[in-house]
């Protein structure tokens, strides 16, 4: 039996994150989280260390709001434990006595009255965000050069509300509206575009996407 760390330090682990699709799953990346279990129990659920040789593993995304892997629960003689499970370990976990207590979650990007969905690629995942139409419309011509792409309803593999990675944010001053002579418009940016930003842009926030 694996060791259950209900009150101790919880290690940062990851499981394969997938989106349900036609009875199977489409791979998204590695979902990172603090786990209450280790040992055999963690292996059964597909837990793997999120840090290898002092750096984050490839395609790691830490606790996004969506998507989220299925959560499984197992009752032992003296405790009940619950944790996330890799999509390719569900059958094995069920055979070991784990029961699904929450299904995998994902979000379909949809434009709304005042905002539209976009994403940038960073560290092997798609980081999704919504941007006000009136603001981003002023820099529409620059979006491709910033690595910003339009998200549509078919893209269920986009990660929303992640703690890591978070791309840098850049900004540009543009002609204002109303009583404002100048507006500052900002957006997330693909990190690989930082060395060749379109004219007028400056780094507003460095983001979180480096290694440990």
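Hey, how many Å between the Cα centroid of region 100-126 and the Cα centroid of region 134-195? Cα centroid of region 100-126 versus Cα centroid of region 134-195: 16 Å apart.
Overall dimensions of region 61-143, expressed as equivalent-ellipsoid semi-axes from the Cα gyration tensor (√(5λ), whole Å, largest first), are 39, 13, 10.
Comparing 147, 124, 137 in a Gaussian network model of the chain where C-alpha atoms under 10 Å apart are linked, the largest mean-square fluctuation is found at 137.
Region 71-93 and region 41-64 have Cα centres spaced 17 Å apart.
Between 126, 112, 138, the GNM of the chain built on Cα springs shorter than 10 angstrom shows 112 fluctuating the most.
Once the Kirkwood radius over Cα pairs is known for the chain, the Stokes-Einstein relation at 25 °C and 0.890 mPa s delivers a diffusion coefficient of 130 µm²/s.
How much of the calculated P(r) for region 1-91 lies past 24 Å, in percent of all Cα pairs? I get 18 percent for the Cα pairs in region 1-91 exceeding 24 Å. Evaluated at q = 0.10, 0.11, 0.19 Å⁻¹, the base-10 log of the normalised Debye intensity for region 115-205, with identical point scatterers placed on the Cα atoms, takes the values -0.25, -0.30, -0.87. Between residue 121 and residue 174, full extension at 0.36 nm per residue minus the direct alpha carbon distance yields a gain of 16.5 nm. For the chain, DSSP calls about 90 percent of its internal beta bridges antiparallel. DSSP bridge analysis restricted to region 115-205 gives an antiparallel fraction near 90%, rounded to the nearest 5. Taking the DSSP beta bridges in region 12-102 as the whole, what percent of them are antiparallel, to the nearest 5? Of all bridge pairs located within region 12-102, approximately 90 percent are antiparallel.
A short reminder: the numbers here are calculations on the coordinates, not readings from a lab. All of these numbers come straight from a predicted model, not from anything done at the bench.
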